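Participant: I'd like to ask some things about the structure below.
The values are calculated or read from the model by the stated rules, or taken from the named source; none is laboratory data. This structure is a prediction, so every number in the text was calculated from the model and none was measured. Here the Cβ positions follow ideal geometry from the backbone for every residue, glycine too, while neighbour counts run over all protein chains shown. Just so you know, the surface numbers come from the protein's heavy atoms only, side chains and all, with ligands and any DNA or RNA stripped out. Shrake-Rupley method; radii C 1.70, N 1.55, O 1.52, S 1.80 Å.
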Number of protein chains: 2
Amino acid sequence: MGKEKVAIIGSGNWGSAIAKIAGNNVKNHNDIFDESKVPIWVFEEDYEGRKLTEIINTDHENKKYLPDVKLPENVVAIPDIVEAVKGATALVFVMPHQFLSKTLEQLEGKVEKGAKAITLIKGVGVEGENIHVFADVIQEKLGISTSALSGANIANEVAIDRFSETTIGYRTEEDGKLWQKLFQTPNFRVQLIDDVAGVSLCGALKNIVAVAAGFIDGLEYGNNSKAAIMRLGLLEMKHFCIEFFDNVKEESFLQESAGVADVITSCLGGRNRKCAEAFVKEKKPFDQLEKDMLKGQKLQGIHTAKDIHIFLKSRNRIDAYPLFDKVYQISWEGLPVEKLTEGL
Amino acid sequence: MGKEKVAIIGSGNWGSAIAKIAGNNVKNHNDIFDESKVPIWVFEEDYEGRKLTEIINTDHENKKYLPDVKLPENVVAIPDIVEAVKGATALVFVMPHQFLSKTLEQLEGKVEKGAKAITLIKGVGVEGENIHVFADVIQEKLGISTSALSGANIANEVAIDRFSETTIGYRTEEDGKLWQKLFQTPNFRVQLIDDVAGVSLCGALKNIVAVAAGFIDGLEYGNNSKAAIMRLGLLEMKHFCIEFFDNVKEESFLQESAGVADVITSCLGGRNRKCAEAFVKEKKPFDQLEKDMLKGQKLQGIHTAKDIHIFLKSRNRIDAYPLFDKVYQISWEGLPVEKLTEGL
């Protein structure tokens, strides 16, 4: 058997941070991985008058999305996605979720037989009464075993080697161990759990909880209330996933970095918390705050709350998730924010 | 059967906050409780030239320990402990733990037959290789069924009716329901669980975790690291209690206000976190910080860490609790704080 060839699909802030780790780890485990090259697919753009791929390949730094962090020299930027994955047996998906579907179209039929994948993409796909996690989408579309990684992982902190943890929900134990070898470092601890759906959903649903925590901050209710909201949010996340997905494990939510720890991180810092606080204090609508605070990007928490609302409504299950519903009502339907804790 | 007569033993910040709730709730549930009087035992002292009992009974406010919060008029301060509990069938213990043993001596043989108790006292009793929770101490000494209440409850926030939650670990389901009636309000939500030891231990061990979180804040490692430490701490709390106590429930730690939510609150605010941060940033020893920041009071987290260290050492089990041990080593043995995350 040949060595595993890694390719990274996506080169934003998180993609670049993870490329740094992967580039180093293929050298640390060169019995398993081909250490010569870790291609990273880069959506080509100009930055300060140069092409981003050229910057990465010459300066070994993604100056646009992860400045001041050196990437290992075996991380090679490639603008053509099909070329980037050519021969790869271990594909790492790490891109904004809205680009996934087009990317998969380009990759269909181009991926090595027997390859496997892992997704670090945050979010969940909801279309009316159907809901799916991206690991399943990738697995189905490309016909390859696909795991998921999520955790309390602020990219910039991981990139400078601050102590942190993450969770891999694996498809097979063998896959799990391979991905752990690719990502684990002394300061980036990887736990494994047999729960792709749970780990994936944590990364999406925690943003709703972070919006609720931001409301509490805006109301200045204090840490008791905030902790109560986080606890209730974590339990709704767990119930939701157990109700609508098979083989989800409680531990993913209650004991793993992807669950409890990521809820904590997102409710302490993070854009969802921050914008929700501003929504209360500045009394501006969210579309205005997205322009002012996020350069026009979407605030994930409120959009996920809307998706989940539509989904739950189609299933006639809104009442079972009062916190999710309150976040939706306050964000989209004009419910006064003071009603947040009522009847929870 | 007569109505339940409540007595509150202790009148500090938390005792006064809970007396406000109890005084109102005996009126709301006057089919079960005697609403005419809720005696609160007050350790008599002078405050601004008046006796504290007189202040409480005249102004209906504990001006020393919970200023600006009105107490219901049926809350009556009594300086003599035996008189305070006379005829009482529902005893609420809420005092600093170092006073418990003397208090119990005074109460022995003086308590109504068939009475029951609940303890809100934080902490755990460790004597070398023996460890016990205060609910068991009270139950044994007074021969009455004793439950425990703990949660993410900053007294001042509860006192002004901010939304929060708490957990009662009950001795019998009937006891649990009685205590829930005494304490629950629309904004102070009481969950019940059949786990006196787990609920009690949460309130003690979370302070060790809060010290660790404060170290991370002092080191400025960021929210990823802090969330990771909180997660690891919560799991050590759970493992510790399951290893050394019978019939402890995982949910007390992972799902209840007493567990995950109180860890969150204590790691966001709270004196343990704050002093530990100062320990790192100001490079002062803890005994100095106790003088400077706590008016000479003991910092619970580091003393609990020491007690637990002695206990674990006697059982030869230190290695199984690396985070607790790191907090002990850094606080008491001069281990550099940068070693905190090493090998966790």
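Participant: Determine the shape class of the stretch B:6-197: with a ≥ b ≥ c the square roots of the Cα gyration tensor eigenvalues, call it rounded for a/c under 1.5, and otherwise prolate if a/b is greater than b/c, oblate otherwise.
Facilitator: The shape class here is rounded.
Participant: Which lysines, if any, have their Cα less than 16 Å from the Cα of A:K326, not counting same-chain residues under 8 positions apart?
Facilitator: Leaving aside lysines fewer than 8 places away in the same chain, those within reach of A:K326 are A:K206, A:K226, A:K306, A:K313, A:K339.
Participant: Okay, next question. Between copies, how far apart are the A:K295 label points? List them in nm, one decimal, shortest first, with each point 7 Å from Cα toward Cβ, please?
Facilitator: In ascending order, 5.1 nm.
Participant: Using the heavy atoms of the protein chains and a 1.4 angstrom probe, tell me the accessible area per residue for the stretch A:204-339 in square angstrom. Spell out each step's value before the answer.
Facilitator: Working: 5270 Å² over 136 residues.
With all protein chains present, the stretch A:204-339 gives 39 Å² per residue.
Participant: Could I ask something else about it? What percentage of the solvent-accessible surface of the stretch B:204-339, computed with a 1.4 Å probe over protein heavy atoms, is contributed by carbon and sulfur atoms?
Facilitator: Its accessible area is 45 percent carbon and sulfur atoms.
Participant: Compute the Cα gyration tensor for the protein assembly as shown, then decide on rounded, prolate or oblate, letting a ≥ b ≥ c be the square roots of its eigenvalues: rounded whenever a/c is under 1.5, prolate when a/b is larger than b/c in the other cases, and oblate in all that remain. Before the final figure, lay out the partial values.
Facilitator: On the way: a/c = 2.26, a/b = 1.87, b/c = 1.21.
Here the protein assembly as shown falls in the prolate category.
Participant: Restricting to DSSP H runs of at least four residues, report the calculated mean residue ellipticity at 222 nm for chain A, -39500 (n - 2.57) per run over all residues, nearest 500 deg cm²/dmol.
Facilitator: Numbers: 15 runs with 167 residues, N = 344.
Calculated at 222 nm, the ellipticity per residue is -14500 deg cm²/dmol.
Participant: Quick one: label points 7 angstrom along Cα→Cβ at B:F43, distances to the other copies in nm, smallest first?
Facilitator: Those separations, rounded to one decimal, come out as 6.3 nm.
Participant: Using the alpha-carbon atoms, what tilt in degrees (0 to 90, nearest 10) does helix A:223-244 show relative to the longest principal axis of chain A?
Facilitator: The angle comes out near 70 degrees.
Participant: Accessible surface of B:I160 in the full protein assembly, 1.4 angstrom probe, to the nearest 10 Å²?
Facilitator: We get 90 Å² for B:I160.
Participant: How would the stretch A:20-111 be classified by its alpha-carbon gyration tensor: rounded, prolate or oblate, with rounded meaning a/c under 1.5 and the a/b versus b/c comparison settling the rest?
Facilitator: Numbers: a/c = 1.87, a/b = 1.02, b/c = 1.83.
Here the stretch A:20-111 falls in the oblate category.
Participant: 7 Å from Cα along Cα→Cβ at both A:D46 and B:F244: what's the point-to-point distance in nm?
Facilitator: Here the answer is 6.6 nm between the modelled labels.
Participant: Which lysines have a Cα less than 25 Å from the Cα of A:K64, not counting those fewer than 8 places away in the same chain?
Facilitator: A:K64 reaches A:K20, A:K37, A:K51, A:K102, A:K122, A:K274, A:K291, A:K295, A:K298.
Participant: Which percent, nearest 5, of DSSP beta bridges in chain B are antiparallel?
Facilitator: Among the beta bridges of chain B, antiparallel pairing accounts for roughly 25 percent.
Participant: Leaving out ligands, DNA and RNA but keeping every protein chain, what accessible area does B:E338 have, in Å² rounded to the nearest 10, with a 1.4 Å probe?
Facilitator: 110 Å²
Participant: To confirm my reading of the symmetry, which residue of chain A has the Cβ nearest the axis that brings A onto B, and what whole-Å distance does it have?
Facilitator: Value returned for chain A: A:L254, 2.
Participant: Can you pull the mean other chain C-beta count within 10 Å for peptide A:152-165?
Facilitator: The per-residue average across the peptide is 5.
Participant: Which whole-number percent of Cα pairs in the stretch B:204-339 have a distance greater than 24 Å? Write down the numbers at each step before the final one.
Facilitator: Values: 2253 of 9180 pairs.
Above the 24 Å cut-off, the stretch B:204-339 has 25 percent of its Cα pairs.
Participant: Between helix A:300-315 and chain A, what is the angle of the helix's C-alpha long axis to the longest principal axis, kept within 0 to 90° and rounded to the nearest 10?
Facilitator: 70 degrees
Participant: Something else about it: Kindly give the distances from A:K281 to its copy-mates, label point to label point, with each label point 7 Å from Cα along Cα→Cβ, as nm values to one decimal ordered shortest first.
Facilitator: 1.8
Participant: Measure nothing fancy, just the Cα-based angle from helix B:173-183's long axis to the longest principal axis of chain B, in degrees from 0 to 90, nearest 10.
Facilitator: Roughly 80 degrees, rounded to the nearest 10.
Participant: Excluding ligands, DNA and RNA, what is the accessible area buried between chains B and A, summed over both sides, using a 1.4 Å probe, to the nearest 100 Å²? Each step should come with its number before you reach the end.
Facilitator: Working: alone 15580 and 15630 Å², together 27950 Å².
Buried area (both sides, nearest 100 Å²): 3300 Å².
Participant: Testing the spin-label approximation: label points 7 Å from Cα along Cα→Cβ at B:K284 and A:K291. State their distance in nm.
Facilitator: With each label placed 7 Å out from Cα toward Cβ, I get 5.0 nm.
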